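Structure record follows, encoded as structure tokens.
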Amino acid sequence: MHTIPLLSQTQKVLMKQKIRDFIFDELIFVAEPEKFSDDDDLLEAGLDSMGIMRLIMFIEEQFGVTLPDSEIDPDNVNTFNALEAWVLQHKS
Amino acid sequence: MKKLDSTILQALNPSDYFTLAMDDEIRRENMPGSLCGFALELDKEPDIETLQARIIEFGERFPVAYASLQQQGKRFFWCQREQNTPLFSQHRESGDKSADFHKNTVLDLINQKQAREDISPISFHLISSANKHTFLLRWVHPFCDARGIDLILKFLCTNEADQRLKFNFPELDSLVNLQLEKYKWWQKIALFFKAKRYITKLDQLPSIIHADTTKTPKQLNFTNVTLTNEQTTRINSNVRKHVGMTGTSLYYIGCFMRALHRMDPTQKGEAYCAPYAFSLRKNKALSPVLANHVGALFAQVPKALLNDRSALFQHLKNENMQVIRKKLDYAFLPVMWAASWLSLEKHGKELRKSYASGTERSSFWFSDIGKTDISEMVFFDSKINSIFHLCQITSPPALAFLSCQFNNRLTFSYNFIEPLFHAQWIDQLHEIMLEELLME
């Protein structure tokens, strides 16, 4: 059994903020990003297949994780909370 | 060397030059240049008065819509004309009462030859007969890209005046230039060489071209096919199964390559190669409306992989991932920037390699605008029944596969240059393409 070092709450907040910044700076336009909650639907907001690809590459580079191809699924990428949970699963 | 004789409204950006170089290449084939079309098929005649007023408002907001494309030295500019040509025209069925009136009119418009300086950057056409109404936006590619046309259409269909003011705000510089500004000069050079190596590697495998290049291009023709809801659902499910949610376009590209291969497995060449543009705009952004803001990528599949569907899709997915991982998509931008300072002829020779050589890197042109979000849109009191798009193509490849999804139904527009291809061949190709798309 291997142990997964837990990220501190601050690290988690920073990670989520970096992902938010990347998505809103590079991938989708939202008039008031600060009002976009962690449970709002990113796919409905315009995150498309090319955007997801870029996002995954960004996350892998930034946070040193490998996100398996087989897990690229709407349930893992449709909200910031889902993304966070998915990344944390693989952050070892 | 020509001198500018009127006020400059806007300079072209590097991505506009890329499309202008293709316009030049098409014109050298005695064809109309890089004309594109986006058509809405409507259930009844729209409210013409309001439509016309909205188009006039569009021209006032974006005066470059009336401009003339003129050359100063090696550079090109959108310039003010002495007299503006109306943006809107109506085409009513009179002499031609054939079932093909709408298609023939669209073909006339998309094949219309005009000097580069004379042609309107964009024009709006309403084609009307007793039971059918087609609204066509026709534009020259340097003026804007497909996403821009989507925004123009949304501008026209936005009824609230204050909401229309949101289009093109904030006013952004060319996104290609903004991307390039992120890099230091030495990084740009590194990217430049990275892209050159990428292109050189692609060119090591001669592309398979099906066009009969012994023939002289005469006109663009097209065949549209709209699939049923059931077929669309099955294909969407196959997309998820074979390429996942990150590779929708790759499924169409892979199936189209296999369909072409099945048409003639002995066709000369070593690989299929297809370009696909990626947008630098943020999705759902209302700015920038005009100009081109895209980079180019290529999908290349060696012949040997075509017989194994799963290996083919895996290859396309890996290739796409590597391209993004190695930032080869952005690498193309400095090449476009550097080439934009060359003459159009040199631009073509440097960047497209195949320029006027009778060969071509692309086996076909490809564009997928995906699910359009105008399904709920009422177009000036008319319901939109279907949509399709069109584009002039260099010869070779003389063939383009354009897809979109509207009201849960896929529409494919096969664009081809006659007589390098003919309609019967395209019909056969579609039959095989459909088999490929529906194959489990």
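The values are calculated or read from the model by the stated rules, or taken from the named source; none is laboratory data. Since the structure is predicted, the reported quantities are computational estimates derived from the model, not experimental observations. Cβ coordinates were reconstructed from backbone atoms using ideal geometry, including for glycine residues, and neighbour counts include every protein chain displayed. Just the protein is used for accessible areas: all its heavy atoms, side chains included, with ligands, DNA and RNA removed. Shrake-Rupley method; radii C 1.70, N 1.55, O 1.52, S 1.80 Å.
Filtering region A:7-30 down to residues that are within 14 Å of another protein chain (Cβ to nearest Cβ) and in a loop (DSSP other than H, G, I, E, B), which residue is nearest to residue B:168 (Cα to Cα)? Applying the filter and picking the extreme gives A:29. Scanning region A:75-92 for residues that are open to solvent by 30 Å² or more (accessible area, probe 1.4 Å) and within 13 Å of chain B (Cβ to nearest Cβ) turns up A:75, A:76, A:78. When B:247, B:269 are screened for being within 23 Å of residue A:53 (Cα to Cα), in contact with a Ser or Thr (Cβ under 8 Å, 6 or more places away or on another chain) and small (Gly, Ala, Ser), only B:247 passes. Among the numbered conditions (1) facing another protein chain (nearest Cβ under 9 Å); (2) closer than 24 Å to residue B:371 by Cα; (3) surrounded by 13 or more Cβ atoms within 10 Å (Cβ to Cβ), the only one that residue A:71 does not meet is (1). For region B:370-391, a tally of residues being closer than 21 Å to residue B:233 by Cβ, in a strand (DSSP E or B) and either touching a residue at least 40 places away in the same chain (Cβ under 8 Å) or touching a Phe, Trp or Tyr at 6+ places or on another chain (Cβ under 7 Å) (or both) returns 6. Considering region B:392-440, the residues that are in a strand (DSSP E or B) and open to solvent by 20 Å² or more (accessible area, probe 1.4 Å) include one that is nearest to residue B:109 (Cα to Cα), namely B:418. Within region B:179-209, the set of residues being in contact (Cβ under 8 Å) with a residue 12 or more places away in the chain, of a type outside the set (Val, Ile, Thr) and out of contact with any Lys or Arg (no Cβ under 7 Å at 6 or more places or on another chain) comprises B:179, B:183, B:188, B:191, B:192, B:194, B:195, B:196, B:198, B:205, B:206. Please specify each residue of region B:274-304 satisfying the condition of being buried (at least 19 other Cβ atoms within 10 Å of the Cβ) and more than 30 Å from residue B:151 (Cβ to Cβ). Across region B:274-304, the qualifying residues are B:300, B:301.
Which residues, taken from region A:31-41, are more than 10 Å from every other protein chain (Cβ to nearest Cβ) and of a type outside the set (D, E, K, R)? Within region A:31-41, A:33, A:36, A:37 meet the criteria. Among (1) surrounded by 16 or more Cβ atoms within 10 Å (Cβ to Cβ); (2) within 14 Å of another protein chain (Cβ to nearest Cβ); (3) not hydroxyl-bearing (Ser, Thr, Tyr), where does residue B:241 come up short? Only one criterion is unmet by residue B:241, namely (1).
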